[in-house]
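What follows is a short report on a single structure.
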């Protein structure tokens, strides 16, 4: 998480809860430490109302070095994916619900 994102998130948390920004930042850092430990141990962490963090393996793959044109192998690695919980999706999409209806209506009525 970039420093700016952490700071902004901590500010919002501090405003909503009344705790200091320093305590809010510490809480966020510790929460992600716990998620990281869970991912290392179990490869998956589910947080109700937030979503699921999951470690997936990416296999080795071939590519071409754009500078030399030479074939290279990019080594496999682990990556973290996040799938939001249904409740979080609904909260985030609620302000845009009217747009989805209008786009569907326009599409169904043959408007370009």
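Read-outs: derived from the displayed coordinates by stated rules, not from any lab. Note that the structure is a prediction, hence the values are computed from the model and not measured. Don't worry about glycine lacking a Cβ; one is built from the backbone with ideal geometry, like all the others, and counts go over all protein chains shown.
Based only on other Cβ atoms within 10 Å, what is the fewest-to-most ordering of 17, 68? Provide the component values of the computation, followed by the final result.
Values: 17 11, 68 8.
Fewest-to-most Cβ neighbours within 10 Å comes out as 68, 17.
Hey, fewest Cβ within 10 Å first, where do 53, 32 land in order?
On the way: 53 19, 32 13.
Fewest-to-most Cβ neighbours within 10 Å comes out as 32, 53.
Using R₀ = 30 Å, calculate the FRET efficiency as 1/(1 + (r/R₀)^6) where r is the Cβ-Cβ separation of residue 90 and residue 36; round to 0.05.
Values: r = 27 Å, r/R0 = 0.91.
E(calc), rounded to 0.05, equals 0.65.
Spin-label point model (7 Å from Cα, Cβ direction): what's the residue 48 to residue 15 distance in nm?
The two pseudo-label positions are separated by 2.9 nm.
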